[in-house]
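Report on the structure given below.
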Amino acid sequence: MPSDSQSPWWQSTTIYQIYPRSFQDTTTNGIGDLPGILARLDYLVKLGISTIWISPIYPSPMADFGYDVADYTAIDPLFGTLADFDQLLAAAHDRNLRLILDFVPNHTSDQHPWFLESRSSLTNPKRDWYLWRDPGPDATPPNNWPSNFGGSAWTFDPTTSQSYLHSFLPQQPDLNWWNPEVRTAIFACLEFWLDRGIDGFRMDVLWLLIKDPQFRDNPPNPQYFGGNTLWSVLPKYTANQPETHSIVHQMRTLLDAYPQRPVLIGEIYLDIPELVTYYGTPVLPEAHLPFNFHLIQTPWQAPRIAQLIRDYEAALPPGAWPNYVLGNHDQTRLATRIGPYQARVAAVLLLTLRGTPTLYYADELGLPDALITPSEIRDPAELRQPGIGQGRDPERSPMPWSNTPNAAFTTPEATTWLPLVQNWPAYTVETQTQPDALHSSLRLYQALLRLRRAQPELTLGSIENITNTDQTLTYTRAQTFQIHLNLTDQPQQIQAPGTLLLTSYLDQPETIITGPYTLRPNEALILRIPRT
């Protein structure tokens, strides 16, 4: 097991998200699996991360690739067995790696035994485990609540002539979290994994668990001008309901009782003032880390990012620990979103800000989005609402390991479940660790993570002096390190006295700077500043 420290382990860790379908295939079916993750643990150790977060691996019909769970306490045969999981967990712990599971508390698969019972009759004991309502005339939806994946959030079920709620696909019916039996059942599933020794959960769509018990219509969104129909109304009655906080507190209480001190992470897409309420209070603590996605959502401009950091730090409740995310399985890849050169600057930003960073697999390679042709689309979000930018296949392409057919993600003869990125040999781990690849994206991440581990001020230290121009962003960590980021493709002059420890170009040795310094285009610096 990883060793303890005075501060909670999750404050000084770096989280690495693995989308298991796309990491490493060992069964020649073109889909990644648990033995594949096991085979690559040493790569993760060498990279320098310390916590793995694995997207859902539970039994599932795969309507939404595992986010439609049919059994919360087992492993889908596609990914392996429970014995494979136990072996992976033990091997991770042997390497001082923690392991977090993705958990999906808002909804199940329509093939889950709970839902099969619920839909069987109006009087079934599990009928109230899901959200059922009488339809409107001619089986129209009971209200105007939209699905995140387009269309109504209600589907009429002729078995009992009622409609059930699904915030996502019709194959993903929402659980009724008002029902205490549901809470008891879900908490028992959490205990199943905690008893096996896992180190925490990332809770999917945590802010959506509770819906208005009166099922009132959401008000229209006056700023809606087309696109995803989800935004046609304001989610007044379907998201961020006050009662959600009591559920998150109950989850936290459960986790806090375990000796491994598991972490509770919440997927929460809310503005900062609402987001930080999910830390709870000292008396009623909630999530350790309500995920902060604002670096993804904020325009990549120095004034906007500087203001984001200041606003976030100011909004944090006393004792709350910050966190930042720059990519995940639902977002356009970083290198595509801001370009390959600024992606290196972003790596320095993410790994030097105060708080716990989360990386998305292959971002360390500078991997861009894959090109997905119409015949290759797999994502139901794109299939249901084509052409409006909701598709998530491009950021889920297989990890490129070596310059062999299929990039050693799978065997040469296999067909990968999604295509590799174009020009994939330029991005492989093999290419980026060649002796002549001294300045590769992978080597930059390794250097940053090595520096982060060696310097406690870069993990647990304070952040001060957050300043910016229109082109540059600067901040200080624990009055020891100063970070300078050029967010443009033009040279920028800065005042930078100190010892240069690292440049994102990876082409300068440690050296002393005594006066003005010209940041090269797309360059980030880490300096050790002189003590005053």
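Here Cα extents along the principal axes in Å was computed from the coordinates, and among (1) 78, 75, 37; (2) 69, 54, 46; (3) 78, 53, 49 the match is (3). Students often forget the sequence filter, so: which lysines lie under 25 Å Cα-Cα from LYS211 once same-chain residues fewer than 8 apart are removed? Candidates past the 8-residue exclusion: LYS126, LYS236. Per residue, the chain exposes 38 Å² of solvent-accessible protein surface, assessed with a 1.4 angstrom probe and all protein chains in place. Across the accessible surface of the chain, with the other protein chains kept in place and a 1.4 Å probe, carbon and sulfur atoms take up 54 percent.
Once you list every other residue whose beta carbon is under 12 Å from the beta carbon of LEU420, what net charge do they have if Lys and Arg are +1 and Asp and Glu are -1? Computed value for this residue: -1. Measuring with a 1.4 angstrom probe and ignoring ligands and nucleic acids, GLU267 comes out at about 10 Å² accessible.
For the stretch 9-25, backbone phi angles converted through the Karplus equation (6.51, -1.76, 1.60; θ = phi - 60°) give residue-by-residue couplings of 4, 6, 7, 10, 8, 10, 8, 10, 7, 10, 8, x, 4, 10, 9, 6, 9 Hz, Gly and Pro being listed as x. With θ taken as phi - 60° and the Karplus curve 6.51 cos²θ - 1.76 cosθ + 1.60 applied, the whole-hertz 3J(HN,Hα) list for the stretch 212-227 is 4, x, 8, 6, 6, 4, 6, x, x, 8, x, 9, 7, 10, x, x Hz, x standing for glycine and proline. Here the chain carries DSSP beta bridges of which approximately 60% are antiparallel, counting only pairs with both residues inside.
The values are calculated or read from the model by the stated rules, or taken from the named source; none is laboratory data. It should be emphasised that the depicted structure is a prediction, and the values quoted were computed from it without experimental measurement. Cβ coordinates were reconstructed from backbone atoms using ideal geometry, including for glycine residues, and neighbour counts include every protein chain displayed. The protein model used for the area step is the full one, side chains on, heavy atoms only, and it has no ligands, DNA or RNA in it. Shrake-Rupley method; radii C 1.70, N 1.55, O 1.52, S 1.80 Å.
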